[in-house]
Amino acid sequence: MTDAMEYKLQASSLNLYYGRFHALKNINIGIRPRSITAIIGPSGCGKSTLLRCFNRLNDIIKSARVTGRILLDGADIFNSGIGLTQLRRRVGMVFQRPNPFPLSIFDNLAYGPRVHGMRDREELEMIVENSLRATMLWDDLKDRLNAPALSLSPEQQQRLCISRLVAVEPEVLLMDEPCSALDPFATAHIEDLMRKLAEQYTIVIVTHNMQQAARVSTETAFMLLGELVEFGDTTQIFQNPRQKKTEEYVSGRYG
Amino acid sequence: MKLAPTAPLPPVPASERRNAARRIRLMPSPTVTERIVVALLWAMAAITIAVLVFIIGYILLHGLPHVTWSFLTESPRRMGREGGVLPMIVGTVLVTGLAVLIAAPIGVATAVYLTEYTAEGRLTAVIRFGADCLAGIPSIVFGLFGFVFFAITLGLGLSILSGALTLALMVLPTIIRTSEEAIRAVPYAYREASFGLGSTRWQTTLYVVLRSALPGISTGVVLSVGRSISETAAVMLTAGSALGLPDSLFDSSRTLALHFYYLAQENISEANAYATAAVLVMAILAINLFAYWLMRRFIARGGHHA
């Protein structure tokens, strides 16, 4: 197991089918702990689908079928003792569009701890403060925790969604194009935040934006038509790709 | 009509010229059309409002002078020629309240099952078809069914309970369908966010889906309250028409709408009939205002984009 332990998440021979459609083809990839791994590729290449395998969010889709293995800290997430709710608590997800609940800021942040059984008001207040501090929202929002979360700006909403994850103390943060609904300034702020969060969390980000992958990630995976074409150090992928397809994509010839 | 003389070239066929002329005569310019449409739509809306105001105004005008404190707090005497409508108010509140209390949990639970807990298939189609058929059945048929099943077979007699159970069946489809629509309108992203934080399906349904759907669901419930309050045929056959104050849910009781029917139909007292109608109208207005107020408060708290 020594090999497995150097990865936080490891997929091996992973295949996924939506009905007859073969969406992920024999994916093998290892995600290193406390780093940022980017998954890039054109629309429909399966990058979001792969991301959603890591917390089994594809399970909601009835027609989806998975073969192969994904190990989280060496334990298979499909057949080990890790329950689905426990898995999703450890492997959280940030979505493309900020999706705070139509509740107050406080209730958004307390939602996760509450569904996991936390009732103590003082402890909840502490969790809310800490998770807002983690995304640098505390100073802006501490005086209006009862305001509706949907009244915040898109950037603040996305930060709030990240805080909401931090509140359940995850180990991995999956980010599915977290900046695609944000303007360039907000994008830069979220990227700074990701770098800071990577000191503590393992981050996997799916992005359409190649510059973003180049800016924030240490390793990059390039996917095409459900296959993992190339995976390696970000600088190597962008400056010295081994595969012709990768070279064509990162130089902007298609996608 | 005489056409202007045509230029020698190019020759335009006569039929074509006639068509063009007709087109010009019949089709006003888009800006004019726009103005006509706006005026028409405005007129239609005005008619709707006018009818509403006229009916409510007419009833209140004739009824309100007779709605006194004693009318609201006394029992009727001489079949309703004198006295008040207190037992009918009590009966209406009990029958309607009980009906909605029975129907709302069943209806909302059915809607949750249809939307959150099962895939679309034969079963959901059958349930939905059943609900739609139920919605189209005339209330007198519900009344007959309630009389035969609740009053006689189950031995509940002509009672508040029989009436409430019958009305519950009658409003069930409305509650199911409006709740279903409201639940479907909840963005999928909320569910994903909730699942993504490790909550179970039930937690997601309860804390996110139903919470967000609450304004829509309460609309359905308010509609049902309105339908129950104004129902006559079904309650006549199941709750009966006793004039006294009920002692228990197993007693017969006359609702306001039914009382109004008897007063008007049997020519007992026009003044009291109008007064009863005024009380009914005001009760429905009050319920709707209360529901709006509740919804606004809820929306303001949750930060819903209304």
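FYI, it's all coordinate maths here, none of it is from the lab. Because the structure is a prediction, the values reported are computed rather than measured. Every residue, glycine as well, gets a Cβ built from its backbone with ideal geometry; the counts of neighbours run over all protein chains shown.
Which lysines have a Cα lying under 24 Å from the Cα of residue A:142, excluding residues fewer than 8 positions away in the same chain?
Straight-line reach from residue A:142, under 24 Å: A:196.
Calculate how many DSSP beta bridges within the protein assembly as shown are antiparallel, expressed in % of all such bridges and rounded to the nearest 5.
About 60 percent, rounded to the nearest 5.
Report the charge-dipole magnitude of the stretch B:88-251 in Debye, nearest 20, computed about the Cα centre from +1 at each Lys and Arg Cβ and -1 at each Asp and Glu Cβ. Present the calculation step by step, with values, prior to reporting the outcome.
Numbers: 8 positive and 9 negative charges, 67 e Å.
In debye, rounded to 20, the stretch B:88-251 gives about 320.
Counting only GluC sites (Glu not before Pro) that sit in a DSSP loop (anything but H, G, I, E, B) with at most 14 other Cβ atoms within 10 Å, what is the longest stretch of chain B containing none of them? Don't skip to the answer; put the middle values down first.
Values: sites that count: B:120, B:266.
Between the exposed loop sites, the longest stretch runs B:121-265.
Quick one: go through the stretch A:44-58 and flag any residue whose amide nitrogen is under 19 Å from the point 7 Å out along the Cα-to-Cβ line of residue A:28.
The answer is A:50.
Whole-Hz ³J(HN,Hα) for each residue in the stretch B:234-239, computed from phi via Karplus 6.51 cos²θ - 1.76 cosθ + 1.60 with θ = phi - 60°, x for glycine and proline: what do you get?
Result, ordered by residue: 5, 7, 4, 7, 10, 8 Hz.
Please check chain A for the longest run free of trypsin sites (Lys or Arg not before Pro) that are loop-located per DSSP (anything but H, G, I, E, B) and have at most 15 other Cβ atoms within 10 Å.
Details: sites that count: A:20, A:34, A:62, A:119, A:242, A:253.
The segment A:120-241 is the longest one with no such site.
Cα axis of helix B:122-136 to longest principal axis of chain B: angle in degrees, 0 to 90, nearest 10?
80 degrees
Quick one: helix B:270-302 against the long Cα principal axis of chain B, what's the angle to the nearest 10°, folded into 0 to 90?
70 degrees
Rounded to the nearest 0.05, what FRET efficiency do residue B:265 and residue B:294 give with R0 = 51 Å and r taken as the Cβ-Cβ distance? Could you check?
Once the sixth-power term is evaluated, E becomes 0.90.
Among A:13, A:106, A:211, which residue has its Cα positioned farthest towards the positive end of the charge dipole of chain A, with +1 placed on the Cβ of Lys and Arg, -1 on the Cβ of Asp and Glu, and the dipole taken about the Cα centre?
Most positive-ward Cα: A:13.
Output needed for the protein assembly as shown: three equivalent-ellipsoid semi-axes, defined as square roots of 5 times the C-alpha gyration tensor eigenvalues, in descending order, whole Å.
So the equivalent ellipsoid measures 59, 37, 24 Å along its semi-axes.
Can you pull the one-decimal nm distance between simple spin-label points at residue B:101 and residue B:113, each 7 Å off the Cα toward Cβ?
Result for the modelled spin labels: 2.3 nm.
Counting only other chains, what is the mean number of Cβ atoms within 10 angstrom of the Cβ of each residue in peptide B:183-195?
4
Please give every one of the aspartates and glutamates within straight-line cross-link reach of residue A:245, meaning a C-alpha to C-alpha distance under 16 Å, and leave out same-chain neighbours fewer than 8 residues apart.
A:227, A:230
Pulled fully out, how much extra length does the chain show between residue A:251 and residue A:143, if you take 0.36 nm times their separation in residues and subtract their Cα-Cα distance?
Gain in length upon complete extension: 34.2 nm.
To the nearest 0.05, what FRET efficiency results for residue B:285 and residue A:118 with a Förster distance of 41 Å applied to their C-beta separation?
For residue B:285 and residue A:118, the calculated efficiency is 0.40.
Label points 7 Å out from Cα along the Cβ direction at residue B:250 and residue A:153: separation in nm?
About 6.9 nm, to one decimal.
Can you tell me the orientation of helix B:86-112 relative to chain B, as the angle in degrees between its alpha-carbon axis and the longest Cα principal axis, to the nearest 10?
It works out to around 60 degrees.
So if R0 is 56 Å, what FRET efficiency would residue B:201 and residue B:78 give, r being the distance between their Cβ atoms, rounded to the nearest 0.05?
Details: r = 60 Å, r/R0 = 1.07.
Rounded to the nearest 0.05, the efficiency is 0.40.
Tell me the relative contact order for the stretch A:110-255 as a rounded percent, counting alpha carbon contacts under 8 Å between residues six or more apart.
16 percent
Quick one: Kirkwood hydrodynamic radius for chain B, alpha-carbon pairs, angstrom, one decimal? Working shown, then result.
Working: mean 1/r = 0.0429 Å⁻¹.
By the Kirkwood definition, the hydrodynamic radius is 23.3 Å.
Name the residue farthest towards the positive end of the dipole of chain B from the options B:43, B:264, B:295, assuming +1 on Cβ of Lys and Arg, -1 on Cβ of Asp and Glu, about the Cα centre.
Farthest along the dipole direction, towards plus: B:43.
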